[in-house]
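Student: Input: one structure, supplied below.
The values are calculated or read from the model by the stated rules, or taken from the named source; none is laboratory data. It should be emphasised that the depicted structure is a prediction, and the values quoted were computed from it without experimental measurement. All Cβ positions, even for glycine, are placed from backbone atoms using ideal geometry, and neighbour counts span all protein chains on display.
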Amino acid sequence: MKNQESDSSLVSFEQLPVGYEFPLSSYELSRSVVSKYLEAVGGQQDFLTLGIIPPLAVAACAITALSQSFSVPPGSIHASQDFEFLKLVPIGATISCGGKIAQKLERGRLRLVMLEIHALNQDQERVLAGKATIAIPG
Amino acid sequence: MREVPALNESVKVSDIRQGDSLPSVVKHVTQREINLYAEASGDFNPIHIDEAFAAETPLGGTIAHGMLILAYVSEMMTKAFGKSWLEGGKLSIRFKAPAYPQDTITTTGKIDSIDYKEGVPYVNCSLECCNQKGEVVITGGAVVKLQ
C-alpha cells in the first residue's frame, strides 16, 4: 500500500478527542498490492482477471491509512468491524480515505477506540463506509 | 443454493431460499501469509509479525490480522452472491478469539431471512469462523441487497 499523504507528526490516540476528523489520506491499490493481498488471503484470482479489488482489501488499506494518522501501543488489535460495500473499485484506483473518532470506551484493562471510516474513488463517490473498533491494551 | 456465480454476475432472489447454507471456506493460516498480509495492507503491528514481541504478550505468540480472517468471510459471501456482495454487501462482525499460525479456520454461514424494502430484496445471513478446536474466532451477520 502506498500512502501518498500521510501526516508525519503522529499523535497518541489519547490526545485526539471524540469527534476528531482525520484529514483525507490517499492510497493507490496497484495490481502488485492486490496480487499480494490475494496470495495472503488465498483469495479468488478472478479478481485479478476482472481487474476488481476485493472490497476487504479496500477496507484494510483504509483502516491502515487512518491508523497511520495517530499512534497506538504495539499489541493493539481489532475488536469489531462494520462495513458497507457501495461500489466496485478497479485495480489501480487511487482511494481517498477519511473518518473520525466516533467513540472511546474503557472496559477493564482494555481501552476501545471506535473509528468511523469512509473511502471515496477518484470521482468522489463513496465506495465503502464502515466502523472499526480497536482494542488497546492497558 | 445454485452454482457459484461469477464475480461480475449478480444473484436473483429466485436463486436463493431462506435456510440455504452458504458455501463454506476452509483455510490454513501460516506465518508466511500473515507476513504477506502485513505487506499488502501496510499493517506491521508487531503482534502479527514479531514472534519475540508477541511471545511476551498475553496472547503468547503472533496472531493473524483480524482483517485477514475476515477476508475468508468475504470470500464465502462472494462465492454465494457474486457482484451483489461486492457492491451491495453489509458486514457486521465481532472478533471473539485470535487466530494463530497453523490454525485451520472454517467459515460457514446461512441465509436467515429475506426481507423486502420498497420492493427490493435484502438477504440476511448469519456467519461464523471457527478454528480446528471448534472455538469461534469471528461471529456476526451480513446483509446483501439484491438488484
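Student: Quick one: in segment A:26-35, of everything that is among the polar types (S, T, N, Q) and touching a residue at least 24 places away in the same chain (Cβ under 8 Å), which residue is nearest to the other protein chains (Cβ to nearest Cβ)?
Tutor: A:SER30
Student: Let me ask something additional. Filtering segment B:75-100 down to residues that are small (Gly, Ala, Ser), in a loop (DSSP other than H, G, I, E, B) and modelled with pLDDT of 95 or more, which residue is surrounded by the most Cβ atoms within 10 Å (Cβ to Cβ)?
Tutor: Checking each candidate, the answer is B:ALA99.
Student: Pick from segment B:38-94 the residues that are of a type in the set (Asp, Glu) and closer than 30 Å to B:VAL120 by Cβ: which of them is nearest to the chain's Cα centre (by Cα)?
Tutor: Going through the qualifying residues, I end up with B:GLU75.
Student: Taking the condition more than 25 Å from B:ALA6 (Cβ to Cβ), free of Cβ contacts under 8 Å to residues at least 12 places away in the same chain and touching a Ser or Thr at 6+ places or on another chain (Cβ under 9 Å), does B:PHE53 pass?
Tutor: The answer is yes for B:PHE53.
Student: Let me ask something additional. Out of contact with any strand residue (DSSP E or B) (no Cβ under 9 Å at 6 or more places or on another chain), crowded, with 20+ Cβ neighbours inside 10 Å and free of Cβ contacts under 8 Å to residues at least 40 places away in the same chain: does that describe B:ASP43?
Tutor: Judged against the criteria, B:ASP43 is a match.
Student: Related question: On the given criteria, is A:GLY75 within 12 Å of chain B (Cβ to nearest Cβ), assigned to a loop (DSSP other than H, G, I, E, B) and either of a type in the set (Lys, Arg) or more than 21 Å from B:ALA6 (Cβ to Cβ) (or both)?
Tutor: It is true that A:GLY75 is within 12 Å of chain B (Cβ to nearest Cβ), assigned to a loop (DSSP other than H, G, I, E, B) and either of a type in the set (Lys, Arg) or more than 21 Å from B:ALA6 (Cβ to Cβ) (or both).
Student: Here's a follow-up. Of B:ASP43, B:ASP115, which residue is assigned to a loop (DSSP other than H, G, I, E, B) and of a type in the set (Asp, Glu)?
Tutor: Answer to the check: B:ASP43.
Student: In segment B:90-111, which residues are farther than 27 Å from A:VAL127 by Cβ and more than 14 Å from chain A (Cβ to nearest Cβ)?
Tutor: B:GLN102, B:THR108, B:LYS110
A quick yes/no check of all residues on (1) farther than 18 Å from A:GLU14 by Cβ; (2) buried (at least 17 other Cβ atoms within 10 Å of the Cβ):
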residue: A:ASP82; (1), (2): yes, yes
residue: A:VAL89; (1), (2): yes, yes
residue: A:GLY92; (1), (2): yes, no
residue: A:GLU106; (1), (2): no, no
residue: A:VAL113; (1), (2): no, yes
residue: A:GLN122; (1), (2): yes, no
residue: A:ILE136; (1), (2): no, yes
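Student: What residue, of A:LEU38, A:LEU56, is facing another protein chain (nearest Cβ under 7 Å) and closer than 23 Å to B:PRO5 by Cα?
Tutor: A:LEU56
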